[in-house]
């Protein structure tokens, strides 16, 4: 007689939307190869035609980079969409269970904002897929920007409705929010979701040539970005106070690193806004100013990366939940910082150091620094494969002793 063990993912929590998010972020990290290594005159991002031209004229190392980038984008985009569909189906079923009613009356209600976070990432992934694999997309891109803004607006409405329900409950009455369970950065998830929607709104600001589209994108992305910043500051300050009193919740330890992806997303939002202001409204920003801005954002990331890793190491988190037998859906929060650090490093190197003339593009210093970005990306890929095997692997059949 045998008994089939349930997979960890069969005990559902909305935190599993982070599995889709991590795969989507990894797909975008492969796009950085094309964005910075493939010439794209005439538009701010490379498109299918630019990639084809670079392939035809490029040397072998560049061609290898193009192949790796396109394969990485395709594979992780498929994983992103597959995971998103699974999560949407599982979440719909989860909302019909008593566990959902229990979650709605606890601090963990805010974890539902992982859904709009993952949805916003998937829209960004869809845009990357169009740029890389669809010929002639740029000829109709001005029609796509309003559609993208509508999609992000709908996701934003969903996020604010979920956040409003949570804040309305905990702020209208005292004693509902459990401060002793606030001892992590889990409550920064809403800020992460709003910042992801903000960076999506900022894309038309950087790429459109229609002043109305650019202006609308600038204003809406600014509102969302400022909202995310304010929420991050308030949630982090109160969480730190709780952590100092009660220590960091062990399973929520990876949330200490959530500042890293928030900084990357907001940093890209500001860069997109800066580009739109320059092209459409003739606002000038020097390469040196961009470099020091990115250095500041990267510095914040390194500080919180060191803090988070210090706590996780002290708690022996990796030994138990990543390399060991224990499982926690919150482990997927480890993927986002690795992806975010990789992407921010790419921007810092190319838009900061290379653009300001401090580092020669494709020189020794360039590749040494880029190696750091590639190493962080490799960590993200390993984590995705490892965690997916832990949480979504085939159930094991164990022999049950006879009575």
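None of the figures in this text is laboratory data; all of them are computed from the coordinates on show. Given the structure is predicted, the values throughout are model-derived calculations rather than measurements. Note that each Cβ is placed from the backbone with ideal geometry, even for glycine, and that neighbours are counted across all protein chains shown.
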Where only alpha carbons of the stretch 38-89 are counted, the Rg and the Dmax (Å)
14.6, 45
Rounded to whole angstrom, the alpha-carbon centroid of the stretch 367-397 lies from that of the stretch 221-252 at a distance of 27
With the 8 Å Cα cutoff and a minimum separation of six or more residues, the stretch 297-392 has a relative contact order in percent of 33
How many nm separate the modelled label positions at residue 67 and residue 153, each set 7 Å beyond the Cα in the direction of the Cβ?
4.5
Run the numbers for residue 11 and residue 299: contour at 0.36 nm per residue of separation, minus the present Cα-Cα distance, in nm.
99.9 nm
Arrange the peptides 321-334, 224-237, 247-260 so that the one whose residues have, on average, the most other Cβ atoms within 10 Å appears first.
247-260, 321-334, 224-237
Share of pairwise Cα separations in the stretch 153-280, more than 20 Å, in percent
50
The helix 335-347 Cα axis meets the longest alpha-carbon principal axis of the chain at an angle in degrees, between 0 and 90 and rounded to 10, of 10
Could you sort 280-290, 201-211 so that the peptide with the highest average Cβ count within 10 Å comes first and the rest follow in order?
201-211, 280-290
Treating the angle as unsigned and between 0 and 90°, give the value, to the nearest 10°, between the Cα long axis of helix 17-37 and the longest Cα principal axis of the chain.
20
Where does the chain land on Rg(C-alpha)/(2.2 N^0.38 Å)?
1.00
Within the set 94, 318, 392, GNM on the chain using Cα springs under 10 Å gives the largest fluctuation to 392
If the label point sits 7 Å along Cα→Cβ of residue 286, residues of the stretch 339-358 with amide N under 13 Å come out as 356-357
What is the angle, in °, between the Cα long axis of helix 189-207 and the longest principal axis of the Cα atoms in the chain? Nearest 10 is fine, range 0 to 90.
20
Cβ crowding within 10 Å averaged over residues, with 305-314, 265-274 ranked highest first:
265-274, 305-314
Between the alpha-carbon centers of the stretch 81-125 and the stretch 262-332, tell me the distance in whole angstrom.
24
Translational D (Stokes-Einstein, µm²/s) of the stretch 122-218 at 10 °C and 1.306 mPa s when Rh comes from the Kirkwood sum over C-alpha pairs?
101
Between residue 139 and residue 356, 0.36 nm times their residue separation minus their Cα-Cα distance comes to what?
74.9 nm
Could you list the residues of the stretch 226-242 with an amide nitrogen less than 17 Å from a label point located 7 Å from the Cα of residue 314 in the Cα-to-C-beta direction?
239-242
Kirkwood Rh and Cα Rg combined as Rg/Rh, the stretch 17-135:
1.15
Computed helical MRE - 222 nm, the chain, DSSP H runs ≥ 4 contributing -39500 (n - 2.57), nearest 500:
-23500 deg cm²/dmol
Rounded to the nearest 0.05, FRET efficiency between residue 364 and residue 100 (Cβ-Cβ, R0 41 Å) equals 0.15
Regarding the stretch 82-138, what are the three Cα extents along the principal axes, ordered largest first, in Å?
50, 19, 11
Expressed in µm² per second, the diffusion coefficient of the stretch 49-201 from the Stokes-Einstein equation, with Rh the Kirkwood radius over alpha carbon pairs, at 20 °C and 1.002 mPa s, is 118
Once the piece of chain linking residue 209 and residue 237 is laid out straight, how much longer is it, given 0.36 nm per residue of separation minus the C-alpha distance between them?
6.1 nm
Quick one: what do you get for the stretch 276-403 if you divide its Cα Rg by 2.2 N^0.38 Å?
1.49
Go ahead and run the numbers for FRET between residue 178 and residue 60, Cβ-Cβ distance against an R0 of 41 Å, rounding to 0.05.
0.10
For the stretch 85-172, what is the relative contact order in percent, using Cα pairs closer than 8 Å and at least 6 residues apart in sequence?
39
Please give the Cα centre distance for the stretch 136-169 versus the stretch 25-44, rounded to the nearest Å.
23
Relative contact order (%) - criterion: Cα under 8 Å, at least six apart; region: the stretch 13-388
19
